[in-house]
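The values are calculated or read from the model by the stated rules, or taken from the named source; none is laboratory data. Predicted model only: the values in this text are computed from it and were never measured. Quick reminder, even Gly has a Cβ in these numbers, built from the backbone with ideal geometry, and neighbours come from all protein chains shown.
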């Protein structure tokens, strides 16, 4: 069954602009990402330096931080498809993430793990319904642009979050508690914006909606590709820890490293989406992983100083601009609208599980073999995965 675009989306299709629902969701994501990236920016220092965790322990927690979403993504997608209440399900996820910030205040391992689980559960619940709202509110031929605009606004929040964290830590030395409290309050404001201004997707004309998750051949192939590439993707905190190690950066400046990635992502998200719509989402998606491979090689090279810092962060930003929203734009049309959320949740789950293993494996390799060998193994794995990916990715649906 097919769903008719709402009036706002039809106007957007004729004018070439992005639907209003996408812009409001982008604003919600901007505010929420300020909240989440405040925590993400200080978490490596808080856990490794403040609490004394080893790289292996940090790898486990980072994998938990990125991978626990797999436990709830499919449930969230199923609920949103069954009830046709994408906004409600996404709102529950945003609310859980905002509340989780206060769990970091306790500072003991059980509370830290609990806060990470609740935060990631919230992200897992909200992401697929939010992305389904974007696909159901946008013309099919402009999904790359729509996701590019949303991800650009989302990344603006990622750019501001570390700045807020840096400012708080500069005023209150070691003031991690203040970072967590401010983060929770900002996250709550994002939930309020969603409740007041985001419109529900047009209801799908049908007699009944199948509640099972789509598992067609094309979806299985894109899930396999996302998992294969995800398991050789070094987690962001590890990339920044490697840069800190290579450049001997003072800890005060560590929260600013994500700004380089976020700045490039912000600048290129919309152009990457437009290129994906015009020249193929598969091509742009694979090119983004090629940029990540170049970043690995730079970190393994003798290059040092500002050149290494700028080039690595730039390539890292290109990677995200060319892959994050583009993957959703590629996967969305593979299913019918009534199963759209479940399909996106399935792809996101495959990627999240793979990145969980990636974090644990990289942390273990760093602990056992050393940093250089661990990074070299990741680079070789990425090259092999990129060689296989073109044969695994399904054809695009116009």
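Brief remarks follow.
- Qualifying residue in region 39-55 (condition: at pLDDT 70 or above, closer than 30 Å to residue 274 by Cβ and surrounded by 19 or more Cβ atoms within 10 Å (Cβ to Cβ)): yes
- Test result for residue 370, out of contact with any strand residue (DSSP E or B) (no Cβ under 6 Å at 6 or more places or on another chain), modelled with pLDDT of 85 or more and at positive phi: yes
- Flag if residue 88 is closer than 27 Å to residue 60 by Cα and either assigned to a helix (DSSP H, G or I) or at pLDDT 85 or above (or both): no
- Within region 180-223, the set of residues being modelled with pLDDT of 90 or more, more than 21 Å from the chain's Cα centre (by Cα) and buried (at least 18 other Cβ atoms within 10 Å of the Cβ) comprises 182 only.
- Any hit, region 263-271, residues being more than 20 Å from the chain's Cα centre (by Cα), touching a residue at least 40 places away in the same chain (Cβ under 8 Å) and more than 30 Å from residue 82 (Cβ to Cβ): no
- Every residue from region 344-398 that is under 27 Å from residue 132 (Cα atoms) and without any contact (Cβ under 8 Å) to a residue 40 or more places away in the chain: 391
- In region 72-116, of all residues being more than 22 Å from the chain's Cα centre (by Cα) and within 20 Å of residue 134 (Cβ to Cβ), the one that is surrounded by the most Cβ atoms within 10 Å (Cβ to Cβ) corresponds to 84.
- Pairs are defined by a Cβ separation below 7 Å, a sequence spacing of at least 6 or placement on different chains, a first member in region 223-246 that is under 21 Å from residue 73 (Cβ atoms), and a second member that is not in a helix (DSSP H, G or I); the pairs so defined are 225/393.
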